[in-house]
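Visitor: Here it is: the structure, laid out below.
The values are calculated or read from the model by the stated rules, or taken from the named source; none is laboratory data. Keep in mind that what you see is a predicted model, and the values were worked out from it rather than measured. In this analysis, Cβ positions are derived from the backbone assuming ideal geometry, glycine residues included, and neighbour counts consider all displayed protein chains. Calculation scope for accessible area: heavy atoms of the full protein, side chains included, ligands and nucleic acids excluded. Shrake-Rupley method; radii C 1.70, N 1.55, O 1.52, S 1.80 Å.
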Amino acid sequence: MLILAIDTSTNIGTVAIYDNKKGVVGEITLNVKQNHSAITMTTIDTLFNLTGIDKKEIDKIAVSTGPGSFTGIRIGVGLAKGLAYALKKPIAGINELDLLANTYNGDKKVIAMLDARKERVFSGVYKKKNDAFMLDGEYMAEELENILNIVDEQTVFVGDGASAYEDIIREKLGDKCIFIKKSLNISRASLLAELAENKEDNLFTLEPYYVTKSQAEREKEGK
């Protein structure tokens, strides 16, 4: 099975073609300084050209559904749904926090967090089960301090929220916190594809996962 995976939920834009028998066929990962809409389709076309794979050979589309950047999530999900519809292929959405939690390869508890600014984070607590990290509880949009207050054992922190607030986390938790290498602490579309291998969503009902409402939606409600 060939899976095309797309993740534009954060500043890291990543796309991959993944073979469930052979592994990674090709992957492009960029720290995007401009809007994802300007480069994502070009990056996907480049990936197909470099790998020699034809779009028609793809068996499934995988996409990160967020949380993260409202605009980025919409771009990624919209593009993935458009490709799935055009190619008549199944689609699978994976939560960005689930993806980040599984970048860690160990046995300790994990907290995945994305920076929501002003010391707020989108986060989830994860425990290992059957060789994968599964959400333990609910996804949260909280003050960083509230998340740190629930840590009662040595915990691995992943995601750009962990990087942004590393000094605060270390000061609060001391040796209870562990951080993975920066080179590993990024979203990878190849891992996204692997997580999506046995999952399928309804193309017409799959929606972005924001945790909180976008600024545009809040402004609309305030009128």
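Visitor: Tell me whether segment 84-92 contains one or more residues that are within 20 Å of Leu191 (Cα to Cα), modelled with pLDDT under 95, small (Gly, Ala, Ser) and open to solvent by less than 40 Å² (accessible area, probe 1.4 Å). Give the derivation first.
Guide: In the first step, residues of segment 84-92 are kept if they are within 20 Å of Leu191 (Cα to Cα); the result is 84, 89-92.
Narrowing further to those that are modelled with pLDDT under 95: none.
There is no residue in segment 84-92 that is within 20 Å of Leu191 (Cα to Cα), modelled with pLDDT under 95, small (Gly, Ala, Ser) and open to solvent by less than 40 Å² (accessible area, probe 1.4 Å).
Here's the yes/no breakdown for (1) open to solvent by 50 Å² or more (accessible area, probe 1.4 Å); (2) under 17 Å from the mean Cα position of the chain (by Cα); (3) more than 17 Å from Leu114 (Cα to Cα):
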site	(1), (2), (3)
Ile39	no, no, yes
Thr43	no, no, yes
Leu47	no, no, yes
Gly52	yes, no, yes
Lys56	yes, no, yes
Lys60	no, no, yes
Thr65	no, yes, no
Thr71	yes, yes, no
Ile75	no, yes, yes
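Visitor: Further question: Please find, within segment 10-37, the residue that is nearest to Ala116 (Cα to Cα) out of those that are crowded, with 19+ Cβ neighbours inside 10 Å, modelled with pLDDT of 95 or more and hydroxyl-bearing (Ser, Thr, Tyr).
Guide: Thr14
For (1) at pLDDT below 90; (2) over 25 Å from Asp19 (Cβ atoms); (3) within 14 Å of the chain's Cα centre (by Cα), each residue gets a yes or a no:
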| site | (1), (2), (3) |
| --- | --- |
| Val158 | no, yes, yes |
| Ile168 | no, yes, no |
| Lys199 | no, no, no |
| Thr205 | no, yes, no |
| Lys213 | yes, yes, no |
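Visitor: For residues that are closer than 19 Å to Asp107 by Cβ, surrounded by fewer than 21 Cβ atoms within 10 Å (Cβ to Cβ) and of a type in the set (Gly, Ala, Ser), tally how many sit in segment 137-171.
Guide: Number satisfying all stated conditions: 1.
Visitor: Does Ile17 fit the bill of being out of contact with any helix residue (DSSP H, G or I) (no Cβ under 7 Å at 6 or more places or on another chain) and over 18 Å from Ser69 (Cβ atoms)?
Guide: Taking the combined requirement at face value, the residue does not satisfy it.
Visitor: Quick one: Asp152 ticks every box in (1) under 16 Å from the mean Cα position of the chain (by Cα); (2) not in a strand (DSSP E or B) except a single one, so which number is it?
Guide: That leaves (1) as the condition not met.
Visitor: Now, a different point. Filtering segment 172-195 down to residues that are farther than 17 Å from Ile58 by Cα and open to solvent by 60 Å² or more (accessible area, probe 1.4 Å), which residue is nearest to the chain's Cα centre (by Cα)? Please lay out each step first, then the result.
Guide: In the first step, residues of segment 172-195 are kept if they are farther than 17 Å from Ile58 by Cα; the result is 172-188.
Add one more test, that the residue is open to solvent by 60 Å² or more (accessible area, probe 1.4 Å), and what stays is 172, 175-176, 181-184, 188.
Working: Lys172: 26, Asp175: 27, Lys176: 25, Lys181: 17, Lys182: 16, Ser183: 16, Leu184: 13, Arg188: 8 Å.
Among those residues, the one meeting the criterion is Arg188.
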